[in-house]
Amino acid sequence: MIEFRDVHKWFGDLHVLKGIRLRVAAGEVLVVCGPSGSGKSTLIRTINRLEPIQKGELIVDGMKVHDPRTPMTKLRAEIGFVFQQFNLYPHMTALENVTLAPIKVRRMPRREAEALGKEVLAKVGLADKLHQYPAQLSGGQQQRVAIARGLCMHPKIMLFDEPTSALDPEMINEVLEVMRALAREGMTMIVVTHEMGFAREVAHRVAFMDYGELIEIAPPEEFFARPQSERTRLFLSKILTH
Amino acid sequence: MLETFNFRVILEYLPLYGTCLLATLWLSAAGLAGSLAVGCAACAMRISRFPALHWPAAVYIESIRSTPLLAQLYFLYFGLPSLGVPVSETTVGILALTLNSGAYMAEIIRGGIQSVAPGQIEAAVSSGLSYLQRMRSIVLPQAVGITLPPMLGQAIVLVKDSALLSLISLMELTRAGQILTSERFMPAEGFLTSAALYLSIYYVLKALTVWSRKRLIHLHTG
């Protein structure tokens with residue numbers, strides 16, 4: 001479904017992705033962790049070309065993301081993206097937030113889109129918040145609207161960029177719960193997160209990134225019990241002790 | 001001081017003030033409409049990626065903002081005819097207000113557009129929305145709310161700036177004061193009456209600004 005073939009990216013002189021090789025199969029849940037500045041956010045942002053790459057090949061759903069001629073709006077419609085800061089549209093209600101893209105991009109009739117939007121918002125536990133504006137919702141509720149916004153496009157892939165990092169602790173679980181349900185349904189997901197409990201529970205594989213390199217990638221049992229690299233061990237000891 | 005103030009002469013000139021108040025209103029309204037159109041166009045060009053659009057707009061905005069309106073007015077009034085373009089005083093007046101205010105409007109609109117959080121644009125990009133769809137559904141609806149109060153502020157400035165049109169002998173509020181002064185030698189009565197009428201326009205626009213700010217707050221909290 002997603003394949004990185006020796007992908008490099010630079011921000012000016014800064015080499016942020018150094019030869020990434022990675023394959024993610026359809027239905028797989030991959031959790032990416034690593035220290036801040038390790039390039040993990042950049043990695044998932046290249047998948048829908050929020051960040052262009054400078055070298056290598058990146059194939060997503062059979063389309064060449066690295067090729068400037070690839071129609072990106074078409075590919076982006078197939079990839080849901082959830083941001084750390086939610087990035088909801090503040091002038092629209094929850095229902096309007098989730099139906100905008102189906103109506104504009106998928107050309108879905110408004111009534112149909114609203115029926116879909118209500119169904120998906122109910123699925124993330126927000127059936128009673130359809131007509132609230134983002135400012136009236138808690139962080140956890142806003143993030144669930146953001147997930148619903150992605151799901152309303154019936155995406156093939158969902159990408160999560162630190163979806164719980166901006167949330168108060170008591171709201172983290174309601175968001176993770178929605179993501180767990182999604183993983184159980186067989187959605188292809190890449191999740192950048194430090195929620196190692198979530199990784200243990202739902203990830204098929206866990207990857208560790210540092211200094212723009214993919215240091216280690218393994219199933220969670222192996223990844224947590226027998227980390228191969230010293231850097232992974234050091235990182236895990238830092239985040240698992242508290 | 002007030003006992004020497006001649007209200008009778010003001011009453012006598014009231015019809016003149018009435019006509020001139022209307023003239024100020026319509027010159028300002030025309031200038032405002034023109035400056036909105038010019039401001040939108042200049043802003044669209046200014047934020048464009050294409051140098052051929054970007055640079056002319058930047059030069060226009062910078063040169064207007066760095067020179068006095070009076071100089072711009074004289075340039076149009078004396079300059080255009082000498083370049084062989086015959087224009088009436090009214091046209092010159094409206095043109096000067098339009099071009100001057102248009103540059104400020106362009107910057108106000110640009111501020112509104114750029115105040116829309118980049119994260120929202122990324123979210124819209126990620127959903128597959130095109131540039132025009134993002135502008136129409138995400139950026140402009142928010143920019144309108146954000147720019148309304150500063151635009152009304154600019155409208156207030158424009159009304160006051162229209163006083164300069166008296167210098168190219170257009171009939172408007174300040175000119176009415178000049179006429180009363182020169183015919184009856186009563187500058188206090190003449191210009192205070194003009195000032196009072198400017199004040200009344202100001203209060204109407206200010207009330208609109210306050211109302212629009214309240215609307216804006218509603219917009220963001222539902």
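When the square roots of the Cα gyration tensor eigenvalues are ordered a ≥ b ≥ c, the ratio a/c for chain A is 1.5 or more and a/b does not exceed b/c, which makes its shape oblate.
In summary, the aspartates and glutamates within cross-link reach of residue A:104, defined as a Cα separation below 17 angstrom excluding same-chain residues under 8 places away, comprise A:78, A:96, A:112, A:114, B:122. Straight-line reach from residue A:18: which aspartates and glutamates fall under 16 Å, measuring Cα to Cα and dropping same-chain residues less than 8 apart? The reachable aspartates and glutamates, counting only those whose Cα sits under 16 Å from residue A:18, are A:3, A:6, A:51, A:57, A:210, A:213, A:216. Placing +1 on the Cβ of every Lys and Arg and -1 on the Cβ of every Asp and Glu, with no other charges, gives chain B a dipole of roughly 760 debye about its Cα centre. Exposure proxy ranking for A:9, A:118, B:206, based on other Cβ atoms within 10 angstrom of each Cβ and starting from the fewest, stands as B:206, A:118, A:9.
Under 5 Å between amide hydrogens, built in the peptide plane, is the criterion, and for residue A:188 it picks out A:27, A:158 among residues at least 5 positions away or on other chains. Could you state, as a whole-number percent, how many of the C-alpha pairs of segment A:1-44 are farther apart than 16 Å? The share of Cα pairs beyond 16 Å in segment A:1-44 comes to 42 percent.
From the square roots a ≥ b ≥ c of the eigenvalues of the alpha-carbon gyration tensor of segment B:7-221, which class results: rounded (a/c under 1.5), prolate (a/b over b/c), or oblate? Here segment B:7-221 falls in the oblate category. Amide H to amide H, with H built 1.01 Å from N, residue A:215 comes under 5 Å of A:208, A:209, A:210, counting only residues 5 or more places away or on other chains. Each stretch of four or more DSSP H residues adds -39500 (n - 2.57); spread over every residue of chain A, this sum gives -11000 deg cm²/dmol at 222 nm. I need the calculated FRET efficiency for the pair residue A:1 and residue B:5, taking r as the beta carbon distance and R₀ as 60 Å, to the nearest 0.05. With R0 = 60 Å, the Cβ-Cβ based efficiency is 0.10. Distance from the Cα centre of segment A:1-52 to that of segment B:83-104, in angstrom? Each part's Cα centre sits 55 Å from the other's.
Sorted ascending by nearby beta carbons within 10 Å, beginning with the fewest, A:192, A:24 become A:24, A:192.
Using only side-chain charges placed at the Cβ, +1 for Lys and Arg and -1 for Asp and Glu, the dipole size of the protein assembly as shown relative to its Cα centre rounds to 780 debye. Between residue A:229 and residue A:13, the simple label model (points 7 Å from Cα in the Cβ direction) yields a spacing of 2.5 nm.
The simple spin-label model puts a point 7 Å past each Cα toward its Cβ; for residue B:114 and residue A:69 those points are separated by 3.7 nm. Here are some pairs, A:118/A:156; B:160/B:214; A:40/A:123; which of them have Cα atoms lying more than 22 Å apart in this structure? Among A:118/A:156; B:160/B:214; A:40/A:123, the Cα-Cα distance tops 22 Å for B:160/B:214; A:40/A:123. Of all the options A:109, A:134, A:227, the one that moves most in a Gaussian network model of chain A with Cα springs shorter than 10 angstrom is A:109.
Among B:50, B:191, the order by Cβ neighbours within 10 angstrom, fewest to most, reads B:50, B:191.
Taken residue by residue and averaged, Cβ atoms of other chains lying within 10 Å of the Cβ of A:94-104 number 3.
In this calculation the C-beta distance from residue B:206 to residue B:67 is compared with R0 = 41 Å, giving a FRET efficiency of 0.90. Under a 5 Å amide H cut-off, with hydrogens placed 1.01 Å from N, residue A:16 pairs with A:9, A:10, A:11 among residues at least 5 apart or on other chains. Coupling constants for segment A:110-126 follow from the phi torsions by the Karplus curve (6.51 cos²θ - 1.76 cosθ + 1.60, θ = phi - 60°), and in residue order they are 3, 4, 4, 4, 5, 4, 4, x, 5, 5, 5, 5, 5, 4, 8, x, 10 Hz; glycine and proline get x.
Here, each number is a calculation from the coordinates, and none is a lab measurement. Nothing here was measured: the structure is a model prediction, and the numbers come from that model. Neighbour counts are summed over all protein chains in view; Cβ atoms, including those assigned to glycine, are modelled from backbone coordinates with ideal geometry.
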